[in-house]
Protein chains: 2
Amino acid sequence: MTQNDPFALADFMPYLLNQAAEATSLGFQKYYKANYGMLRTEWRVLFHLGRYGALTATAICTKAQIHKTKVSRAVAALEARRFLLREEMQSDRRQDLLSLTRKGQAAFNDLVAQAQRYNETLLAPFTAQDQDTLRRILLKLAQMEQGDARGIAP
Amino acid sequence: MTQNDPFALADFMPYLLNQAAEATSLGFQKYYKANYGMLRTEWRVLFHLGRYGALTATAICTKAQIHKTKVSRAVAALEARRFLLREEMQSDRRQDLLSLTRKGQAAFNDLVAQAQRYNETLLAPFTAQDQDTLRRILLKLAQMEQGDARGIAP
DNA sequence: GGATATTGGTTGCTTTTGTAACTAACAACC
DNA sequence: GGTTGTTAGTTACAAAAGCAACCAATATCC
């Protein structure tokens, strides 16, 4: 922000980041919503299972930084629609091991391919160096000390 | 993303942007929530009135890129708590001209000062050049063609 | 000037999220 | 081996967002 300009929302990072996040999320969101009836959390859970193999709900919470109630609901929804399978662990019967069904795998493959394509079009207007700068800064901002939110915000 | 790496969510801009947006929003959100009991939309509406003077609801929608139902509710909430005043326009009785009360002005002043301070601490870790790059890219991403969302998404 | 369309804004209903309390299984301690 | 504390995950309830229908004032068209 320039020194004597009045403060504009476009100078305020939380606002700018939100606007950019919303604008860029829309295109892809439409895709998984229209084609698989998924919500964002469901897509993320599916993604983690596809990318990292079978996981427990808690493992997804940690990896994906999503609160357990959101994961719980996303898992229930994905299970109901046969995208994933739940298997009680014999070592600890509180935990369920979650893994994708064939249908889930297929959805994952398609969605990841789509996500990659979409990502490329998003980044295409910028130089490789700009892209690196962007990624580096965003990662740092994302990992910021989260105030007094212990753990992950719901 | 490097050529042969499997696709990770950290490479996916919508995800990264959302994470950064959420992380950076938290700190400030706690402030206006704790001190003024405001929601994000309310803070944004207040901001626009403080920054640009009296406006109609539609003007706020346009400037702030917020859907009219959200603005309508935010205005009602801010009015109920005497942060703003509503005055029917004689030129077009459908429209109300909204302006901050003294209390609203005071809140605006405090919140803007706070926002500026907060913003500075967020950006402090990065060089001026990085900050410029970031702002430039975010603005461009935020103004992206919004798919088939005509107007502003609710 | 009366029918029709448009615009500004609100309201009702549904879906999604936030928050807290809760259950069940396991762990630790005595 | 029973009490106490944790942990995994679910559920119930409240707050908020999304969406569509709606009302009232104005503009348009004949």
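Among B:Leu16, B:Leu49, B:Leu39, which is the only one that is in contact with a helix residue (DSSP H, G or I) (Cβ under 9 Å, 6 or more places away or on another chain) and within 11 Å of another protein chain (Cβ to nearest Cβ)? I'd like the intermediate steps shown before the answer.
Working: B:Leu49 fails: within 11 Å of another protein chain (Cβ to nearest Cβ); B:Leu39 fails: within 11 Å of another protein chain (Cβ to nearest Cβ).
Every option except B:Leu16 fails the conditions.
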Requiring at least 2 residues that are more than 16 Å from DNA strand C (Cβ to nearest atom), charged (D, E, K, R) and farther than 28 Å from B:Asn35 by Cβ, the helices (runs of 4 or more DSSP H) wholly within the stretch B:46-154 are B:128-142
Contact list, first residue from the stretch B:90-103 and within 14 Å of chain A (Cβ to nearest Cβ), second anywhere and within 16 Å of DNA strand D (Cβ to nearest atom) and assigned to a loop (DSSP other than H, G, I, E, B), beta-carbon distance below 6 Å, six or more apart or interchain, is none
Selection from the stretch A:31-45 of residues part of a helix (DSSP H, G or I) and surrounded by fewer than 14 Cβ atoms within 10 Å (Cβ to Cβ) yields A:Ala34, A:Asn35
Given the condition more than 13 Å from DNA strand D (Cβ to nearest atom), touching a residue at least 12 places away in the same chain (Cβ under 8 Å) and in contact with a Phe, Trp or Tyr (Cβ under 7 Å, 6 or more places away or on another chain), answer yes or no: does some residue in the stretch A:52-59 qualify? no
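All of the numbers you see were taken from the coordinates with simple rules; none came from a lab. Just so you know, these numbers come straight off a predicted model, no measurement behind them. So basically every Cβ, Gly included, is an ideal-geometry build from the backbone, and we count neighbours across all protein chains shown.
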